[in-house]
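Right, one structure below, let's go through it.
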Amino acid sequence: MELMEAIRTRRSIHEYKEEKVDHEVLSRIFGEAAWAPNHRMKEPWHIRLYQDKGKEAYAQAVMKSYQRQGFFDGYDLNKTQRLQDGIQDFLLNIPHHALIYMERDEDIRKYEEDYAAVCAYIQNVQLLAWEAGVGVLWTTSPYLHDNQFYQDIGLDSQRFKLVSVLQMGYPKRIPKPKIRTPIQKKLSLYDGKEKS
Ligand SMILES: Cc1cc2nc3c(=O)[nH]c(=O)nc-3n(C[C@H](O)[C@H](O)[C@H](O)COP(=O)(O)O)c2cc1C
């Protein structure tokens with residue numbers, strides 16, 4: 001697949017087939033994505049892949065975080081249970097959840113460089129996955145800022161920053177493209193010439 005085609009046709013995927021992606025395929029995607037630019041060659045990305053039975057503990061931690069954040073407040077027990085079952089099923093039906101995190105650098109400039117590099121890495125993952133027929137949804141849900149969530153999944157929130165959870169699997173449905181703004185509206189040129 002040409003780069004331009006991959007960039008243009010890639011879509012955020014919200015619905016997945018049940019079938020898992022072979023570990024070799026995922027491993028190649030996460031491996032090749034590491035050619036992302038990164039300052040000082042820190043390669044700041046870390047990936048934790050939840051799948052199969054491993055998804056249960058992850059989904060449980062997400063649910064507890066939603067509870068703490070008042071997501072279910074005001075609903076009666078029945079409704080709360082239905083909402084929770086719905087979220088649980090939704091998460092368990094996604095074949096892979098890839099937690100992407102990085103070490104927190106105390107120096108804000110380095111922290112920002114690392115964060116930017118991890119985002120470049122994630123986009124590489126998205127494009128490589130797309131080329132392999134694998135769909136991804138880049139998510140940044142509130143639990144990524146919940147210290148107790150870090151604790152529940154066994155990650156030190158002082159040391160690490162969660163950047164995203166990538167939902168992954170073969171697409172069941174590919175959404176229509178959301179058309180982008182013509183770049184002329186955002187691109188300004190300063191070339192030292194007088195405007196006529
Ligand atoms: C940093 C970041 C966070 C995102 N978080 C979410 C999210 O939490 N939930 C979601 O449905 N989509 C999320 N997205 C995906 C965007 O909604 C999506 O890229 C946008 O709607 C354009 O659609 P496309 O990727 O199919 O072109 C996120 C994208 C980025 C770059």
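The values are calculated or read from the model by the stated rules, or taken from the named source; none is laboratory data. Every value quoted in this text rests on a predicted model; they were computed, and no experiment measured them. Virtual Cβ from ideal backbone geometry, glycine too; neighbours counted across all protein chains shown. Surface areas here come from the heavy atoms of the whole protein model, side chains and all, with no ligands, DNA or RNA. Shrake-Rupley method; radii C 1.70, N 1.55, O 1.52, S 1.80 Å.
Only bridges whose two residues both fall in the chain count here: according to DSSP, what percent of them are antiparallel, nearest 5?
About 95 percent, rounded to the nearest 5.
What is the gain in length, in nm to one decimal, between Gln123 and Asp22 on full extension, counting 0.36 nm per residue of separation less the C-alpha to C-alpha distance?
Extending this stretch completely gives an extra 34.3 nm.
Provide the solvent-accessible area of His14, counting protein heavy atoms only and rolling a 1.4 Å probe, rounded to the nearest 10 Å².
90
Heads up, I need the accessible area for Ser188: 1.4 angstrom probe, whole protein in place, Å², nearest 10.
Rounded to the nearest 10, the figure is 80 Å².
Pulled fully out, how much extra length does the chain show between Asn93 and Ser12, if you take 0.36 nm times their separation in residues and subtract their Cα-Cα distance?
Value of the extension gain: 27.5 nm.
Which ³J(HN,Hα) values, rounded to whole Hz and listed in residue order, are derived for the range 158-173 from phi using the Karplus coefficients 6.51, -1.76 and 1.60 in 6.51 cos²θ - 1.76 cosθ + 1.60 with θ = phi - 60°, glycine and proline given as x?
6, 8, 10, 10, 7, 9, 6, 10, 9, 7, 9, x, 6, x, 8, 9
Quick query: amide H of Gly169 versus all other amide H atoms, modeled in the peptide plane; which residues come in under 5 Å with a sequence gap of 5 or more or a different chain?
Amide H neighbours of Gly169: Gly135.
Counting other C-beta atoms within 10 Å, and keeping those with at most 13, which DSSP coil GluC sites (Glu not before Pro) do you find in the range 1-72?
Listed in order of number, the matching sites are Glu2, Glu18, Glu19.
Which shape class applies to the range 3-185: rounded if a/c is under 1.5, otherwise prolate when a/b exceeds b/c and oblate if not, where a ≥ b ≥ c are the square roots of the Cα gyration tensor eigenvalues?
oblate
What ranking, highest mean first, results for peptides 98-105, 141-148 when packing means the other Cβ atoms within 10 Å averaged over each residue?
Top of the packing list down: 98-105, 141-148.
In terms of solvent-accessible area of protein heavy atoms at a 1.4 angstrom probe, what is the ranking of Trp45, Trp35, highest value first?
Final ranking, largest accessible area leading: Trp35, Trp45.
I need the trypsin sites (Lys or Arg not before Pro) found in the range 114-196, filtered to DSSP loop residues with at most 13 other beta carbons within 10 Å of theirs.
For trypsin sites (Lys or Arg not before Pro) across the range 114-196 that sit outside H, G, I, E and B with at most 13 neighbouring Cβ atoms in 10 Å, the list reads Arg159, Lys178, Arg180, Lys186, Lys193, Lys195.
Explain nothing, just compute: Karplus ³J(HN,Hα) = 6.51 cos²θ - 1.76 cosθ + 1.60, θ = phi - 60°, for every residue of the range 78-84 in order, whole Hz, x for Gly and Pro.
For the range 78-84, the Karplus curve yields 4, 5, 4, 4, 5, 4, 5 Hz.
What are the residues whose amide H is under 5 Å from the amide H of Tyr16, where those residues sit 5 or more places off or on another chain and H is modelled from the backbone?
Hits under the 5 Å cutoff: Lys172.
Too long at a 21 Å Cα-Cα cut-off: which of Lys110/Lys161; Lys110/Lys186; Lys20/Lys55?
Lys110/Lys186
Could you work out how much longer the chain between Ala116 and Gln151 gets when fully extended? Use 0.36 nm per residue separation minus the Cα distance between them, nm to one decimal.
Extra length available between Ala116 and Gln151 comes to 10.1 nm.
Using the Karplus equation 6.51 cos²θ - 1.76 cosθ + 1.60 (θ = phi - 60°), what ³J(HN,Hα) coupling, rounded to whole Hz, does each residue of the range 186-191 give in order, writing x for Gly and Pro?
Result, ordered by residue: 10, 9, 10, 10, 10, 10 Hz.
What does the net charge come to around Lys110 if you take all other residues with beta carbon closer than 14 Å to its beta carbon, with K and R at +1 and D and E at -1?
Charge balance near Lys110 sits at -3.
Can you return the lysines within cross-link range of Lys193? Criterion is Cα-Cα under 26 Å, with same-chain partners fewer than 8 residues away left out.
Lys185
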